[in-house]
Ligand SMILES: Cc1cc2nc3c(=O)[nH]c(=O)nc-3n(C[C@H](O)[C@H](O)[C@H](O)COP(=O)(O)OP(=O)(O)OC[C@H]3O[C@@H](n4cnc5c(N)ncnc54)[C@H](O)[C@@H]3O)c2cc1C
């Protein structure tokens, strides 16, 4: 085995869950590698401002992820970004992570923290107008809609908070939501309601996007009356939830019907030595703080598992 490619622990995913796991593991002198598919930071880097991270008053997601990354590296953690995982072998004592470029990494413990991504509406015109008026990231694209009239689709915390943040650019933001009430924290609902640039279309669903070069209007169905109408808009931001990035784990660890990784209170999966943390796990609340908490628990449990394993390996084999 190539010694260079062996670690005690490998963390898959460098969002807040994975970076926290990296910080705790490396600080406990567990040789750790974090592998990340895209840019380090995960969904945090899509967030223009994180106002609810305790101890830090106002910070952008990009800045917070930069600090977490620095902390992990300072404790000795290796991080490889922009990789692609081809295959995982999780059942043996020594787990293997095989990358598409042919690199093979081995480790005693694996922490899965691949997070999630935005859910799409799946309606006519959505694929066609992605990046041409349709966006899933206010921080990334809000500026393109300065003095324009836009819609926000969704009724959770992200939808309402991002609707408020988009009023810095857009002259009018209409929030379109399928129910007659929001599934968001009280303060998020209040903030949106008191903003004079925000209007609401409740019990309504977007059924299609229309336009030429860019979107010009959306088709809307009133879910109470069944009536359809055409609503003029310059842009659409869609915040209707998330899908866990767990396709590559199907058949390897236990997932629930939504594809979320099933874990116990130690963040252990059904496979010995394999843990999971953050938004990709089966849980109700998905925040930076909860991801960080999960990452802590997974790292402490993995660390104890690795120590036990090393102690056992030093004992003479039982007959
Ligand atoms: C627009 C928006 C605004 C938000 N605002 C807030 C907020 O204000 N406050 C708050 O607390 N939370 C906020 N959240 C939620 C918060 O960002 C997430 O709960 C948190 O980032 C989840 O962390 P995670 O580490 O589990 O996953 P993620 O942040 O999703 O990170 C997962 C990482 O794993 C990588 N990955 C995925 N698949 C693989 C693979 N196969 N191999 C290797 N790497 C992989 C991804 O590229 C990503 O870097 C917001 C989310 C969004 C989308």
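None of the figures in this text is laboratory data; all of them are computed from the coordinates on show. The structure presented is a predicted model; accordingly, all values stated were derived computationally and were not measured. No Cβ is skipped: glycine too gets one built from the backbone with ideal geometry, and neighbour counts run over all protein chains shown.
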Yeah, segment 151-207 with a ≥ b ≥ c from its alpha-carbon gyration tensor (a/c under 1.5 is rounded, else prolate when a/b outruns b/c, oblate otherwise) is oblate
Using a basic spin-label model with each label point 7 Å from the Cα along Cα→Cβ, how many nm lie between residue 187 and residue 171? 3.3 nm
Considering only 154, 208, 295, give the residue with the highest GNM mean-square fluctuation for the chain, with springs between Cα atoms whenever their separation is below 10 Å. 208
Between the helical axis of 61-74 and the dominant principal axis of the chain, each derived from Cα atoms, what acute angle in degrees is found, rounded to the nearest 10? 10 degrees
If I fit a long axis through the Cα atoms of helix 16-27 and take the longest principal axis of the Cα atoms of the chain, what angle between them do I get, 0 to 90°, rounded to 10? 20 degrees
Three-way shape label, segment 1-125, alpha-carbon gyration tensor, a/c 1.5: oblate
Taking the chain and dividing mean pair separation by its residue count, relative contact order in percent (alpha carbons under 8 Å, at least six apart): 19 percent
Return a whole-number percent for the relative contact order of segment 120-238, with Cα pairs under 8 Å and 6 or more residues apart as the contact set. 31 percent
Say R0 is 35 Å: what FRET efficiency, to the nearest 0.05, do residue 314 and residue 287 get from their beta-carbon distance? 0.30
What is the calculated FRET efficiency for residue 120 to residue 272, with r their C-beta to C-beta distance and R₀ = 45 Å, to the nearest 0.05? 0.80
Relative to the present Cα-Cα distance, how much length would full extension add between residue 39 and residue 128 at 0.36 nm per residue of separation? 29.5 nm
Be a star and scan segment 16-53 for residues whose amide nitrogen sits under 15 Å from the point 7 Å along the Cα-to-Cβ vector of residue 101. 34-40
Mean-position separation - Cα centroids, segment 51-65 and segment 181-237, in angstrom: 29 Å
Exposure proxy check: 202, 267, 68 ranked by fewest other beta carbons within 10 Å? 202, 68, 267
Mind pulling the angle between the C-alpha long axis of helix 157-166 and the longest principal axis of the chain? Nearest 10 degrees, somewhere in 0 to 90. 60 degrees
If r is the Cβ-Cβ distance from residue 214 to residue 247 and R0 is 22 Å, what FRET efficiency results, to the nearest 0.05? 0.10
For the ranges 24-35, 216-227, 114-125, what's the packing order if you count other beta-carbon atoms within 10 Å of each residue, average per peptide, and put the highest first? 24-35, 114-125, 216-227
For segment 120-238, what does the alpha-carbon gyration tensor say about shape, rounded, prolate or oblate, given a ≥ b ≥ c as the root eigenvalues, a/c under 1.5 as rounded, and a/b over b/c as prolate? oblate
How big is the gap, in Å, between the Cα center of segment 265-319 and the Cα center of segment 123-180? 38 Å
